[in-house]
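The next block holds one structure in the form of C-alpha coordinates; read it before the comments.
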Amino acid sequence: MDSLFLLNEGELDLLKEIANIGAGHAASALSQLIGQVVEMKVPSVKVSRFSDWLSDHEAEMTVACAYIHMSGDLNGHFYLSFPLEETRQLLKAMLASRDVNMEALGFPSLETSAFGEVGNILAGSYLASLSDFTHLNIQTSPPTVLVDMAGAILGEGLLDLSLYGEEVLVIDCELTNLAESGPIRSTFTFLPLAEDLAKLLALLGVQDG
Amino acid sequence: MAEVMIVGISDWRLAHSPDRLRSLGLGSCVGIVLYCRRIGLAAMAHVMLPDHHLAKSSFHPAKFADTAIPGLVDMLMQHGASLLELEAKMAGGAEMFPNARNHFPSIGKRNITTIRDLLNRYKIPIVAEDTGGHAGRTIEFFTETAELLIKTARSGEKVI
(Lines give C-alpha, C1' and ligand atoms only; values in the text may rest on other atoms or scores of the structure.)
Protein backbone atom coordinates (compact mmCIF):
# COMPACT_ATOMS: atom_id res chain seq x y z
CA MET A 1 0.00 0.00 0.00
CA ASP A 2 1.86 3.06 -1.25
CA SER A 3 -0.42 5.62 0.24
CA LEU A 4 -3.30 5.32 2.62
CA PHE A 5 -5.01 7.95 0.50
CA LEU A 6 -5.46 5.18 -2.09
CA LEU A 7 -7.98 3.37 0.11
CA ASN A 8 -11.32 3.47 -1.67
CA GLU A 9 -14.78 4.14 -0.25
CA GLY A 10 -15.60 0.44 -0.04
CA GLU A 11 -12.49 -0.33 1.97
CA LEU A 12 -13.08 2.58 4.33
CA ASP A 13 -16.69 1.46 4.81
CA LEU A 14 -15.56 -2.04 5.62
CA LEU A 15 -13.08 -0.74 8.20
CA LYS A 16 -15.85 1.41 9.65
CA GLU A 17 -18.15 -1.60 9.91
CA ILE A 18 -15.50 -3.60 11.77
CA ALA A 19 -14.89 -0.64 14.06
CA ASN A 20 -18.62 -0.43 14.66
CA ILE A 21 -18.85 -4.02 15.85
CA GLY A 22 -15.78 -3.67 18.04
CA ALA A 23 -16.96 -0.41 19.57
CA GLY A 24 -20.36 -1.98 20.27
CA HIS A 25 -18.67 -4.65 22.34
CA ALA A 26 -16.58 -2.04 24.12
CA ALA A 27 -19.68 0.05 24.87
CA SER A 28 -21.43 -2.90 26.55
CA ALA A 29 -18.28 -3.66 28.52
CA LEU A 30 -18.10 -0.06 29.77
CA SER A 31 -21.80 -0.13 30.57
CA GLN A 32 -21.38 -3.20 32.78
CA LEU A 33 -18.32 -1.73 34.42
CA ILE A 34 -19.93 1.53 35.55
CA GLY A 35 -23.52 0.27 35.81
CA GLN A 36 -24.87 2.94 33.49
CA VAL A 37 -26.27 2.98 29.98
CA VAL A 38 -23.58 3.82 27.46
CA GLU A 39 -24.27 5.10 23.97
CA MET A 40 -21.87 5.03 21.10
CA LYS A 41 -21.55 7.21 18.04
CA VAL A 42 -20.89 5.73 14.62
CA PRO A 43 -17.12 5.38 14.43
CA SER A 44 -15.19 7.57 12.07
CA VAL A 45 -12.48 6.17 9.84
CA LYS A 46 -10.29 8.77 8.23
CA VAL A 47 -6.95 9.14 6.57
CA SER A 48 -5.09 12.33 7.30
CA ARG A 49 -1.63 13.82 7.14
CA PHE A 50 0.15 13.84 10.51
CA SER A 51 0.36 17.58 10.49
CA ASP A 52 -3.43 17.91 10.01
CA TRP A 53 -4.64 15.05 12.14
CA LEU A 54 -5.36 16.76 15.43
CA SER A 55 -6.96 20.18 15.51
CA ASP A 56 -5.26 22.74 17.72
CA HIS A 57 -7.95 22.36 20.31
CA GLU A 58 -7.72 18.56 20.40
CA ALA A 59 -3.94 18.51 20.53
CA GLU A 60 -3.76 20.76 23.58
CA MET A 61 -6.62 19.25 25.56
CA THR A 62 -5.58 17.50 28.76
CA VAL A 63 -6.79 13.91 28.77
CA ALA A 64 -6.47 10.81 30.89
CA CYS A 65 -5.37 8.06 28.59
CA ALA A 66 -4.77 4.33 28.67
CA TYR A 67 -2.37 3.29 25.94
CA ILE A 68 -2.12 -0.28 24.70
CA HIS A 69 0.39 -1.53 22.19
CA MET A 70 -0.83 -4.19 19.77
CA SER A 71 1.45 -6.80 18.33
CA GLY A 72 1.19 -10.17 16.58
CA ASP A 73 -0.59 -10.22 13.23
CA LEU A 74 -1.84 -6.67 13.62
CA ASN A 75 0.62 -4.09 14.91
CA GLY A 76 -0.48 -0.71 16.01
CA HIS A 77 -1.58 1.53 18.84
CA PHE A 78 -4.75 1.71 20.80
CA TYR A 79 -5.69 4.68 22.98
CA LEU A 80 -8.65 5.18 25.20
CA SER A 81 -8.92 8.78 26.31
CA PHE A 82 -11.27 10.72 28.53
CA PRO A 83 -11.38 14.48 29.06
CA LEU A 84 -9.73 14.95 32.44
CA GLU A 85 -12.75 16.45 34.23
CA GLU A 86 -14.93 13.52 33.17
CA THR A 87 -12.44 10.93 34.34
CA ARG A 88 -13.37 11.78 37.91
CA GLN A 89 -16.96 10.72 37.19
CA LEU A 90 -15.75 7.49 35.68
CA LEU A 91 -13.53 6.66 38.64
CA LYS A 92 -16.29 7.57 41.09
CA ALA A 93 -18.66 5.20 39.33
CA MET A 94 -16.04 2.46 39.34
CA LEU A 95 -14.60 2.86 42.80
CA ALA A 96 -17.95 3.67 44.45
CA SER A 97 -16.20 6.32 46.50
CA ARG A 98 -16.42 10.07 46.82
CA ASP A 99 -12.76 10.63 47.33
CA VAL A 100 -11.12 10.20 44.02
CA ASN A 101 -7.65 11.68 44.00
CA MET A 102 -7.10 12.92 40.47
CA GLU A 103 -3.54 13.98 41.27
CA ALA A 104 -2.67 10.31 41.74
CA LEU A 105 -3.75 9.36 38.24
CA GLY A 106 -0.75 8.38 36.17
CA PHE A 107 1.27 7.47 39.28
CA PRO A 108 1.11 4.13 41.15
CA SER A 109 -2.29 4.30 42.88
CA LEU A 110 -5.75 2.76 43.06
CA GLU A 111 -6.99 5.39 40.61
CA THR A 112 -4.35 4.44 38.05
CA SER A 113 -5.03 0.71 38.41
CA ALA A 114 -8.76 1.21 38.04
CA PHE A 115 -8.32 3.43 35.03
CA GLY A 116 -5.86 1.01 33.45
CA GLU A 117 -8.41 -1.73 33.95
CA VAL A 118 -10.99 0.28 32.00
CA GLY A 119 -8.46 0.53 29.20
CA ASN A 120 -7.78 -3.18 29.37
CA ILE A 121 -11.40 -4.19 29.27
CA LEU A 122 -12.44 -1.81 26.52
CA ALA A 123 -9.43 -2.47 24.32
CA GLY A 124 -9.81 -6.16 25.02
CA SER A 125 -13.44 -6.29 23.94
CA TYR A 126 -12.78 -4.16 20.88
CA LEU A 127 -9.80 -6.17 19.73
CA ALA A 128 -11.34 -9.54 20.60
CA SER A 129 -14.21 -8.84 18.25
CA LEU A 130 -11.76 -7.71 15.57
CA SER A 131 -9.78 -10.87 16.09
CA ASP A 132 -12.90 -13.09 15.93
CA PHE A 133 -13.90 -11.44 12.71
CA THR A 134 -10.57 -11.74 10.95
CA HIS A 135 -8.93 -14.69 12.73
CA LEU A 136 -5.89 -12.49 13.20
CA ASN A 137 -3.85 -13.17 16.30
CA ILE A 138 -3.60 -9.84 18.14
CA GLN A 139 -1.63 -9.48 21.37
CA THR A 140 -2.01 -6.52 23.66
CA SER A 141 0.45 -4.96 26.09
CA PRO A 142 -0.54 -4.04 29.63
CA PRO A 143 -2.05 -0.54 29.66
CA THR A 144 0.07 2.51 30.32
CA VAL A 145 -1.89 5.24 32.06
CA LEU A 146 -0.98 8.87 31.74
CA VAL A 147 -2.46 12.31 32.03
CA ASP A 148 -1.16 14.82 29.53
CA MET A 149 -1.91 16.78 26.38
CA ALA A 150 -3.69 14.63 23.82
CA GLY A 151 -1.23 15.62 21.11
CA ALA A 152 1.78 14.57 23.12
CA ILE A 153 0.26 11.17 23.91
CA LEU A 154 -1.24 10.34 20.52
CA GLY A 155 1.82 11.68 18.71
CA GLU A 156 3.90 8.88 20.19
CA GLY A 157 1.86 6.39 18.20
CA LEU A 158 2.93 8.11 15.02
CA LEU A 159 6.63 7.44 15.56
CA ASP A 160 6.76 3.99 14.00
CA LEU A 161 3.87 4.62 11.61
CA SER A 162 5.69 7.70 10.34
CA LEU A 163 8.48 5.61 8.83
CA TYR A 164 6.09 4.30 6.18
CA GLY A 165 4.57 7.52 5.00
CA GLU A 166 3.20 10.94 5.78
CA GLU A 167 -0.32 9.94 6.64
CA VAL A 168 -2.18 7.91 9.20
CA LEU A 169 -5.41 5.95 9.26
CA VAL A 170 -7.34 6.91 12.36
CA ILE A 171 -10.32 4.95 13.62
CA ASP A 172 -12.14 6.99 16.26
CA CYS A 173 -15.23 6.23 18.24
CA GLU A 174 -16.97 8.17 20.97
CA LEU A 175 -18.82 6.54 23.87
CA THR A 176 -21.05 8.55 26.18
CA ASN A 177 -22.93 7.45 29.28
CA LEU A 178 -26.47 8.62 29.95
CA ALA A 179 -26.30 9.21 33.69
CA GLU A 180 -27.66 12.29 35.40
CA SER A 181 -24.38 12.87 37.19
CA GLY A 182 -22.94 14.34 34.00
CA PRO A 183 -21.49 12.92 30.85
CA ILE A 184 -18.46 10.69 30.65
CA ARG A 185 -17.25 10.89 27.10
CA SER A 186 -14.49 8.64 25.96
CA THR A 187 -12.70 8.33 22.69
CA PHE A 188 -11.06 5.31 21.21
CA THR A 189 -8.24 5.94 18.85
CA PHE A 190 -6.94 3.02 16.92
CA LEU A 191 -3.84 3.45 14.74
CA PRO A 192 -3.00 0.30 12.80
CA LEU A 193 0.31 -0.06 10.98
CA ALA A 194 -0.28 0.52 7.26
CA GLU A 195 1.42 -2.74 6.21
CA ASP A 196 -0.85 -4.78 8.43
CA LEU A 197 -3.87 -2.89 7.20
CA ALA A 198 -3.30 -4.32 3.73
CA LYS A 199 -3.16 -7.78 5.31
CA LEU A 200 -6.41 -7.12 7.13
CA LEU A 201 -8.20 -5.95 4.00
CA ALA A 202 -6.93 -8.94 2.02
CA LEU A 203 -8.28 -11.28 4.70
CA LEU A 204 -11.65 -9.63 4.42
CA GLY A 205 -11.67 -10.32 0.70
CA VAL A 206 -10.73 -6.86 -0.51
CA GLN A 207 -7.88 -6.76 -2.97
CA ASP A 208 -5.47 -3.89 -2.59
CA GLY A 209 -5.88 -1.89 -5.79
CA MET B 1 -1.69 42.25 14.70
CA ALA B 2 0.71 39.37 15.21
CA GLU B 3 -0.34 36.17 13.57
CA VAL B 4 0.17 32.81 15.30
CA MET B 5 1.41 30.18 12.89
CA ILE B 6 0.89 26.55 13.84
CA VAL B 7 3.69 24.14 13.10
CA GLY B 8 2.19 20.65 12.70
CA ILE B 9 3.87 17.33 13.46
CA SER B 10 6.79 16.74 11.09
CA ASP B 11 6.38 20.16 9.55
CA TRP B 12 8.23 23.50 9.62
CA ARG B 13 7.29 27.17 9.23
CA LEU B 14 9.04 30.48 8.84
CA ALA B 15 7.87 33.65 10.62
CA HIS B 16 8.77 37.33 10.47
CA SER B 17 8.43 39.67 13.42
CA PRO B 18 5.86 40.21 15.00
CA ASP B 19 4.32 36.84 14.08
CA ARG B 20 4.61 33.87 16.42
CA LEU B 21 5.30 30.20 15.86
CA ARG B 22 3.43 27.60 17.84
CA SER B 23 3.72 23.83 18.13
CA LEU B 24 1.23 21.81 20.13
CA GLY B 25 1.58 18.66 22.16
CA LEU B 26 5.25 17.81 21.85
CA GLY B 27 5.97 14.46 23.49
CA SER B 28 9.21 12.83 22.46
CA CYS B 29 9.10 15.17 19.47
CA VAL B 30 11.27 18.27 19.67
CA GLY B 31 10.29 21.81 18.77
CA ILE B 32 13.45 23.50 17.52
CA VAL B 33 13.58 27.20 16.69
CA LEU B 34 16.43 28.87 14.85
CA TYR B 35 16.27 32.65 14.70
CA CYS B 36 18.07 35.81 13.72
CA ARG B 37 17.42 38.72 16.10
CA ARG B 38 18.77 41.37 13.72
CA ILE B 39 16.07 40.83 11.09
CA GLY B 40 13.38 39.35 13.38
CA LEU B 41 13.21 36.10 11.48
CA ALA B 42 12.60 32.64 12.94
CA ALA B 43 11.92 29.13 11.72
CA MET B 44 10.48 26.28 13.79
CA ALA B 45 10.42 22.56 13.06
CA HIS B 46 8.42 19.86 14.87
CA VAL B 47 10.91 16.98 14.65
CA MET B 48 9.77 13.41 15.31
CA LEU B 49 12.82 11.19 14.87
CA PRO B 50 16.60 11.58 14.82
CA ASP B 51 17.77 9.96 11.62
CA HIS B 52 16.28 10.00 8.12
CA HIS B 53 17.85 6.61 7.35
CA LEU B 54 15.05 5.11 9.42
CA ALA B 55 12.52 6.16 6.76
CA LYS B 56 11.02 3.46 4.60
CA SER B 57 9.32 5.88 2.21
CA SER B 58 9.55 9.49 1.06
CA PHE B 59 9.27 12.02 3.86
CA HIS B 60 9.13 15.71 4.74
CA PRO B 61 12.61 16.88 5.79
CA ALA B 62 11.19 18.38 9.00
CA LYS B 63 10.32 14.88 10.25
CA PHE B 64 13.93 13.92 11.00
CA ALA B 65 16.44 15.93 13.03
CA ASP B 66 19.30 15.32 10.61
CA THR B 67 17.36 16.73 7.65
CA ALA B 68 15.41 19.37 9.58
CA ILE B 69 18.41 21.33 10.90
CA PRO B 70 20.14 21.85 7.52
CA GLY B 71 16.72 22.68 6.05
CA LEU B 72 15.99 25.32 8.69
CA VAL B 73 19.42 26.87 8.24
CA ASP B 74 18.95 27.06 4.45
CA MET B 75 15.50 28.55 4.81
CA LEU B 76 16.73 31.31 7.13
CA MET B 77 19.76 32.12 5.01
CA GLN B 78 17.62 32.37 1.89
CA HIS B 79 15.55 34.97 3.71
CA GLY B 80 18.48 37.16 4.62
CA ALA B 81 19.92 35.72 7.84
CA SER B 82 23.60 34.93 8.06
CA LEU B 83 24.83 31.70 9.63
CA LEU B 84 26.94 33.56 12.20
CA GLU B 85 23.90 35.37 13.59
CA LEU B 86 21.72 32.32 14.12
CA GLU B 87 20.71 31.25 17.61
CA ALA B 88 18.64 28.28 18.76
CA LYS B 89 16.06 27.43 21.41
CA MET B 90 14.38 24.09 21.80
CA ALA B 91 11.92 22.13 23.93
CA GLY B 92 10.49 18.63 24.01
CA GLY B 93 12.21 15.26 23.82
CA ALA B 94 10.30 13.78 26.75
CA GLU B 95 9.94 10.09 27.41
CA MET B 96 6.17 9.64 27.46
CA PHE B 97 5.93 5.91 28.09
CA PRO B 98 8.99 5.07 30.19
CA ASN B 99 7.63 1.69 31.25
CA ALA B 100 6.07 0.47 28.05
CA ARG B 101 7.78 -1.78 25.58
CA ASN B 102 8.39 0.51 22.76
CA HIS B 103 9.77 0.57 19.24
CA PHE B 104 11.93 3.56 19.97
CA PRO B 105 13.41 3.48 23.46
CA SER B 106 14.58 6.91 24.64
CA ILE B 107 13.69 8.45 21.30
CA GLY B 108 13.31 11.85 22.95
CA LYS B 109 16.93 11.75 24.16
CA ARG B 110 18.17 10.64 20.76
CA ASN B 111 16.31 13.49 19.08
CA ILE B 112 17.92 15.97 21.47
CA THR B 113 21.42 14.52 21.07
CA THR B 114 21.21 14.59 17.29
CA ILE B 115 20.01 18.20 17.26
CA ARG B 116 22.77 19.29 19.67
CA ASP B 117 25.45 17.62 17.56
CA LEU B 118 24.22 19.21 14.37
CA LEU B 119 23.89 22.69 15.86
CA ASN B 120 27.38 22.31 17.24
CA ARG B 121 28.66 21.50 13.77
CA TYR B 122 27.05 24.69 12.43
CA LYS B 123 28.37 26.58 15.50
CA ILE B 124 24.84 27.73 16.30
CA PRO B 125 24.54 28.39 20.06
CA ILE B 126 21.63 26.88 22.01
CA VAL B 127 20.60 29.89 24.04
CA ALA B 128 17.98 28.03 26.10
CA GLU B 129 16.27 24.67 26.23
CA ASP B 130 13.68 22.76 28.21
CA THR B 131 14.07 19.11 27.30
CA GLY B 132 13.62 15.60 28.67
CA GLY B 133 11.33 14.61 31.54
CA HIS B 134 8.10 12.69 31.13
CA ALA B 135 5.52 15.28 30.16
CA GLY B 136 4.20 16.84 26.98
CA ARG B 137 4.76 20.48 26.08
CA THR B 138 3.14 23.14 23.91
CA ILE B 139 5.51 25.85 22.80
CA GLU B 140 5.17 29.33 21.34
CA PHE B 141 8.02 31.45 20.01
CA PHE B 142 7.77 35.25 19.99
CA THR B 143 9.81 36.60 17.10
CA GLU B 144 9.93 40.13 18.57
CA THR B 145 11.56 39.12 21.86
CA ALA B 146 13.02 35.71 20.95
CA GLU B 147 11.22 34.28 23.99
CA LEU B 148 9.95 30.72 24.01
CA LEU B 149 6.82 30.10 26.08
CA ILE B 150 6.40 26.52 27.32
CA LYS B 151 3.10 25.16 28.61
CA THR B 152 2.52 21.79 30.26
CA ALA B 153 -0.67 19.98 31.28
CA ARG B 154 0.25 19.53 34.93
CA SER B 155 3.18 21.75 35.78
CA GLY B 156 2.21 25.17 34.50
CA GLU B 157 4.04 27.54 32.17
CA LYS B 158 7.44 29.09 31.84
CA VAL B 159 9.39 31.30 29.48
CA ILE B 160 12.92 30.52 28.39
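The values are calculated or read from the model by the stated rules, or taken from the named source; none is laboratory data. Please read all numbers here as calculations on a predicted model, not as lab measurements. Glycine also receives a Cβ, built like all others from the backbone with ideal geometry; neighbour counts cover every protein chain displayed. Surface areas here come from the heavy atoms of the whole protein model, side chains and all, with no ligands, DNA or RNA. Shrake-Rupley method; radii C 1.70, N 1.55, O 1.52, S 1.80 Å.
Among the residues of segment A:115-150, those that are away from every other protein chain (no Cβ under 11 Å) and part of a loop (DSSP other than H, G, I, E, B) comprise A:His135, A:Leu136, A:Asn137. Being within 14 Å of chain A (Cβ to nearest Cβ), open to solvent by less than 30 Å² (accessible area, probe 1.4 Å) and touching a helix residue (DSSP H, G or I) at 6+ places or on another chain (Cβ under 7 Å) is a property that B:Ala62 has. Between B:Val7, B:Val47, the distinction of being of a type in the set (Val, Ile, Thr), closer than 24 Å to B:Asn120 by Cβ and within 10 Å of chain A (Cβ to nearest Cβ) belongs to B:Val7 only.
For A:Thr112, the test of being touching a Phe, Trp or Tyr at 6+ places or on another chain (Cβ under 9 Å), part of a helix (DSSP H, G or I), within 14 Å of chain B (Cβ to nearest Cβ) and open to solvent by less than 30 Å² (accessible area, probe 1.4 Å) is failed.
Against the definition (open to solvent by 50 Å² or more (accessible area, probe 1.4 Å) and farther than 19 Å from B:Gly80 by Cα), how does B:Val47 come out, yes or no? Against the criterion (open to solvent by 50 Å² or more (accessible area, probe 1.4 Å) and farther than 19 Å from B:Gly80 by Cα), B:Val47 does not qualify.
If you check B:Thr113, B:Thr138, which single one turns out to be under 18 Å from B:Cys29 (Cβ atoms) and part of a strand (DSSP E or B)?
Numbers: B:Thr113 fails: part of a strand (DSSP E or B).
One residue alone meets the criteria, B:Thr138.
Conditions (1) more than 12 Å from chain A (Cβ to nearest Cβ); (2) open to solvent by less than 50 Å² (accessible area, probe 1.4 Å); (3) closer than 30 Å to A:Thr140 by Cα, marked per residue:
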{"site": "B:Lys56", "(1), (2), (3)": "no, no, yes"}
{"site": "B:Leu72", "(1), (2), (3)": "yes, yes, no"}
{"site": "B:Met75", "(1), (2), (3)": "yes, yes, no"}
{"site": "B:Ala81", "(1), (2), (3)": "yes, yes, no"}
{"site": "B:Leu84", "(1), (2), (3)": "yes, no, no"}
{"site": "B:Arg116", "(1), (2), (3)": "yes, no, no"}
{"site": "B:Thr145", "(1), (2), (3)": "yes, no, no"}
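Yes or no: segment B:55-78 includes at least one residue that is at pLDDT below 95, in contact with a Cys (Cβ under 8 Å, 6 or more places away or on another chain) and under 17 Å from B:Asp117 (Cα atoms). There is no residue in segment B:55-78 that is at pLDDT below 95, in contact with a Cys (Cβ under 8 Å, 6 or more places away or on another chain) and under 17 Å from B:Asp117 (Cα atoms).
Of all residues in segment A:115-126, those being open to solvent by less than 10 Å² (accessible area, probe 1.4 Å) and out of contact with any helix residue (DSSP H, G or I) (no Cβ under 7 Å at 6 or more places or on another chain) number 3.
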